[in-house]
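Working notes, structure below.
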Amino acid sequence: MTSTIEAAIRQQLIDVFRAAQYPVTDPFELLPALPNGAATTFEAGDVTIGAMELGMEYADYQEYPYERVEPLVDDLMTGLRDDDRFS
């Protein structure tokens with residue numbers, strides 16, 4: 001089940017951040033892509049992750065600039081896995 005939750009969160013991140021205008025040089029450029037702005041949450045199973053949380057708690061995992069959505073989401077997912085968010 002954990003892999004299903006992880007896959008669902010990953011897909012939500014891709015779906016939302018795909019709408020950003022790339023290249024993205026800092027996290028503030030992602031805000032217009034968020035459907036509820038900074039209050040946007042990503043949810044699957046019992047896992048809820050806020051957009052602000054991604055920007056603040058996982059900033060060390062983000063290496064701007066990003067030319068495409070996939071590397072951004074890969075870095076965010078690495079941070080979430082390292083923090084045991086899916087266990």
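Within the range 48-67, which residues are more than 12 Å from PRO27 (Cβ to Cβ) and surrounded by 17 or more Cβ atoms within 10 Å (Cβ to Cβ)?
Selection gives ILE49 alone.
Condition check: under 13 Å from the mean Cα position of the chain (by Cα) and surrounded by fewer than 18 Cβ atoms within 10 Å (Cβ to Cβ). Does GLU70 satisfy that?
So GLU70 passes the test.
Could you look through the range 1-55, keep only residues that are part of a strand (DSSP E or B) and among the polar types (S, T, N, Q), and pick out the one that is farthest from the chain's Cα centre (by Cα)?
Keep residues of the range 1-55 that are part of a strand (DSSP E or B), which gives 24, 41-44, 47-50.
Filter once more, so that each one left must be among the polar types (S, T, N, Q): 41, 48.
Details: THR41: 10, THR48: 12 Å.
The qualifying residue farthest from the chain's Cα centre (by Cα) is THR48.
Provide a single number: the residues in the range 56-87 that are out of contact with any Ser or Thr (no Cβ under 7 Å at 6 or more places or on another chain), touching a residue at least 12 places away in the same chain (Cβ under 8 Å) and not in a strand (DSSP E or B).
22
So, in the range 22-40, how many residues would count as being surrounded by 15 or more Cβ atoms within 10 Å (Cβ to Cβ), within 27 Å of SER87 (Cα to Cα) and free of Cβ contacts under 8 Å to residues at least 24 places away in the same chain?
Adding up the residues that qualify gives 1.
Each value in this text was obtained by applying a stated rule to the coordinates, not by laboratory testing. Small disclaimer: the values here were computed from a predicted structure and weren't measured. As a convention, Cβ positions derive from the backbone with ideal geometry for all residues, glycine included, and neighbour counts pool all protein chains shown.
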